[in-house]
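What follows is a single structure, written as structure tokens, with notes after it.
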Amino acid sequence: MKTTYREAVRSALSEALRSDARVFLMGEDVGRYGGAFAVSRGLLEEFGPERVRDTPLSESTFVGAGIGAALGGMRPIVEVMTVNFSLLALDQIVNNAATLRHMSGGQLSVPLVVRMATGGGRQLAAQHSHSLEGWYAHIPGIMVLTPATPADARGMLLAALREPDPVFIFEHATLYPTEGEVDESAGPAEIGRAAVRRPGEHVTLITYGGSLPKTLQAADLLAVEGIDAEVIDLRSLRPLDTPTLLASIARTHRAVIVDEGWRMCSFAAEVSAQLMEGGFYDLDGPVARVCSAEVPMPYAKHMEDAALPQPASIVATVHEMLRRHG
Amino acid sequence: MTVERGHALELLRQMVLIRRFEEKAAELYMLGKIRGFLHLYIGEEAVAVGAMQAFTPEDAIVATYREHGQALARGIPAGSLMAEMYGKANGCSRGRGGSMHFFDVSRRFYGGYAIVGGGMPIAVGLALADTLQGRRRVTACFFGDGAVDEGEFHESLNLAALWKLPVLFLCENNLYAMGTALARHQSQMDIGLKAQAYALAGEAVDGMDVLAVESATRRAAEAVRRGEGPYLLEVRTYRFRAHSTADPELYRTKEEVEQWKTRDPIALFAARLREWGLLSDADLTAIEAAVGREIEAAVAVAEAGPWEPVEDLLRDVYTPRTP
Ligand SMILES: Cc1ncc(C[n+]2csc(CCOP(=O)(O)OP(=O)(O)O)c2C)c(N)n1
Ligand SMILES: [Mg+2]
């Protein structure tokens, strides 16, 4: 069945609420408002205010309360409106969610799911356009998922709820209206496995989340010129499926990483390092990166477009790579 | 105030146990057996011991990095705590936590939080889980006056009151946040009063008087248990020792500390019990002797404990998956 990314997340939320009494949803405006991105619309009416809980604007405390509720036997799904506001909850995430199992010598588990919208591209300027999932992926003790398709949006949320440890799901805000095939009877997705979204021979384009549609467009443009690009969707940043990446570059011998995070210390830098460590002798030239420009996000459309990875900049990077190391 | 003799002697014993345990810990720190930060509770024993009487084994405890007192009063064996401070595998957190991160889930002792204010949202969440699952339990949340400065204090009081969650917030006001005196970090120094801003019940109590702490906490815990929502108890106390082992105490005078020592909670309570004819010299000697043996045994447990093999370094970052 064809459905939107937004509908797919909602279908997973409602399935989870229906099938497990321990599951509840909380966050800012998830109830009466229906979610800032309309993801939870209708859930309050269906499941009631005990299980769909509007919170005060207290990111640190409602994320921390999610951790505490998880310790107390519940399966909370916490929605942080966007990654930009998750910065107010970083203490709970980094110092508590990620550490409690370890600090307690293995006595505790924190089965918490936190969802948040991420990314730019909507002319929301410098405080509403961050792509910080790469930061989160730095932290041992949590998992970081970046579903890029409606099927994954649904399947990964269901999978996250089966995990005994904290899972952070980053939903790129531009993806909510996108459509794709979703099998409503499909169970949870497999976590920690990258997907080859488009097989190809000449170059591997590695991406995730909101950059997947752009990267697929770039691959289509390259195909017109006879350049056959393979597109890999990481799906999960932590754990990272390095073997799938290495297997691909063993065939294509070239890699370009597309990541909406800023280039400096980006997740792309980590992927690049892993390719170098594990696949150095398979590469015909240096790994290239297409990342966001080193600037807070500008408001003006043409400037924002220039700051973000785009199909044209991906194509240009592949051209340059082939010119120098073809 | 009246108190039954057996109970009185038990309160005294617990306070003496905490005092001697920490004196021993300080000594072992000097010997390099214990490392890292060591925050002593000496002077504040009446708070943990008095308060803990109000909680049942089903209730949950959330504490700070200054939690030796709460852990002992909760009944975690001294040996398991001492071993933790040694960093041994038989410690209560298997040597991964140290002095600041004691955990014992079997006693519903949920830590040991070293980010000021960081445990408060966790306590709110534990109470939320109880409410959602229809359990009548209390979550006790200990924190210092310094935590009152943090956003998480205000957010947690607000959320707990808004959702009527069964949290007993216990502020251990020892008048200092490290070297910053209360007057230099709070615009409104009456902490108990802050409860009003979030529409929850609140009161202040003399934290040097173990019986006063006990009865105030019992009242508060019963109100919370009855479903009346959260409660803020400000317990006024004083720490006799430095903030931590790294503190040269430049911010307060010796006279001030000496003045407070005249209100030593253990000495005060012992004198009162003698006055009431509930404590003899022989009783006190017996308590000291028993505590001394317990501390000695605790050190032996820590000394004999094994070091975790370094091959296990990456253990307990994630929960092992059953295939
Ligand atoms: C968020 C945060 N800021 C600063 C510190 C450093 N620090 C540790 S304890 C402390 C003082 C806390 O005072 P209080 O809450 O009154 O507790 P007390 O030590 O007096 O028991 C500070 C500033 C910290 N651990 N966490
Ligand atoms: Mg203090």
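Given the structure, is residue B:43 away from chain A (no Cβ under 13 Å), assigned to a loop (DSSP other than H, G, I, E, B) and not hydroxyl-bearing (Ser, Thr, Tyr)? Break it down into steps so the answer makes sense when it comes.
Values: away from chain A (no Cβ under 13 Å): yes; assigned to a loop (DSSP other than H, G, I, E, B): yes; not hydroxyl-bearing (Ser, Thr, Tyr): yes.
In short, yes.
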> Can you name every residue in the stretch B:95-113 that is on the phi < 0 side of the Ramachandran plot and at the interface with chain A (Cβ under 8 Å from one of its Cβ atoms)?
Replying inline: B:96, B:97, B:101, B:103, B:104, B:105, B:110, B:113
> Which one is nearest to ligand 2 (Cβ to nearest atom), of the residues in the stretch B:162-210 that are among the small types (Gly, Ala, Ser) and surrounded by 15 or more Cβ atoms within 10 Å (Cβ to Cβ)?
Replying inline: B:177
> If you check B:122, B:76, which single one turns out to be among the hydrophobic types (A, V, I, L, M, F, W, C) and more than 9 Å from every other protein chain (Cβ to nearest Cβ)?
Replying inline: B:76
> Do we have residue B:161 as touching a helix residue (DSSP H, G or I) at 6+ places or on another chain (Cβ under 9 Å), aliphatic (A, V, I, L, M) and over 15 Å from residue B:46 (Cβ atoms) here?
Replying inline: yes
>> On the basis of being closer than 30 Å to residue B:94 by Cα, of a type outside the set (Ser, Thr, Tyr) and within 8 Å of chain A (Cβ to nearest Cβ), does residue B:127 make the cut?
In response: yes
>> Checking the condition surrounded by 23 or more Cβ atoms within 10 Å (Cβ to Cβ), among the acidic types (Asp, Glu) and in the same structural domain as residue A:175 (by TED's automatic domain parsing), which residue from A:79, A:46 passes?
In response: A:79
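So in the stretch A:218-239, with the set limited to residues that are among the acidic types (Asp, Glu) and under 30 Å from residue A:142 (Cβ atoms), which one is surrounded by the most Cβ atoms within 10 Å (Cβ to Cβ)?
Looking only at the stretch A:218-239, we keep the residues that are among the acidic types (Asp, Glu), and these are A:220, A:225, A:228, A:230, A:233.
Remaining after also requiring under 30 Å from residue A:142 (Cβ atoms): A:230, A:233.
Details: A:230: 22, A:233: 24.
Filtering the stretch A:218-239 for residues that are among the acidic types (Asp, Glu) and under 30 Å from residue A:142 (Cβ atoms), the one surrounded by the most Cβ atoms within 10 Å (Cβ to Cβ) comes out as A:233.
With the requirement that a residue be basic (Lys, Arg) and out of contact with any Gly (no Cβ under 7 Å at 6 or more places or on another chain), what does the stretch B:67-113 give you?
Taking the stretch B:67-113 as the starting set, the residues that turn out to be basic (Lys, Arg) are B:74, B:88, B:94, B:96, B:107-108.
Of everything in the stretch B:67-113, those that are basic (Lys, Arg) and out of contact with any Gly (no Cβ under 7 Å at 6 or more places or on another chain) turn out to be B:74, B:108.
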>> Any residue in the stretch B:165-191 that is away from chain A (no Cβ under 14 Å) and more than 9 Å from ligand 1 (Cβ to nearest atom) sitting within a Cβ distance under 9 Å of a residue that is of a type in the set (Lys, Arg) and assigned to a loop (DSSP other than H, G, I, E, B)? List the pairs, counting only those 6 or more apart or interchain.
In response: B:181/B:252
> Out of all the residues in the stretch A:74-106, which are touching a Leu at 6+ places or on another chain (Cβ under 9 Å) and among the small types (Gly, Ala, Ser)?
Replying inline: A:86, A:97
> Taking the condition on the phi > 0 side of the Ramachandran plot, away from ligand 2 (no atom under 16 Å from the Cβ) and surrounded by fewer than 18 Cβ atoms within 10 Å (Cβ to Cβ), does residue B:227 pass?
Replying inline: yes
>> Looking at (1) hydrophobic (A, V, I, L, M, F, W, C); (2) closer than 18 Å to residue A:60 by Cβ; (3) more than 14 Å from chain A (Cβ to nearest Cβ); (4) over 19 Å from the mean Cα position of the chain (by Cα), which one does residue B:160 not meet, given that it meets all the others?
In response: (3)
>> Being among the aromatic types (Phe, Trp, Tyr) and either within 29 Å of residue B:166 (Cα to Cα) or without any contact (Cβ under 8 Å) to a residue 40 or more places away in the chain (or both) is true for just one of B:86, B:41. Which residue is that?
In response: B:41
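Return the residues of the stretch A:284-322 that are over 22 Å from residue A:122 (Cα atoms) and touching a strand residue (DSSP E or B) at 6+ places or on another chain (Cβ under 6 Å); say none if nothing qualifies. Don't jump to the end; show me each part of the working.
To start, the set of residues in the stretch A:284-322 that are over 22 Å from residue A:122 (Cα atoms) comprises A:284-289, A:315-322.
Within the stretch A:284-322, A:287, A:288, A:289, A:317, A:318, A:321 meet the criteria.
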> For the stretch B:236-293, which residues satisfy the criterion of being within 16 Å of ligand 1 (Cβ to nearest atom), aromatic (Phe, Trp, Tyr) and either within 14 Å of another protein chain (Cβ to nearest Cβ) or outside any loop (DSSP other than H, G, I, E, B) (or both)?
Replying inline: B:260
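The values are calculated or read from the model by the stated rules, or taken from the named source; none is laboratory data. Keep in mind that this is a model prediction, so the values were computed, not measured. Quick reminder, even Gly has a Cβ in these numbers, built from the backbone with ideal geometry, and neighbours come from all protein chains shown.
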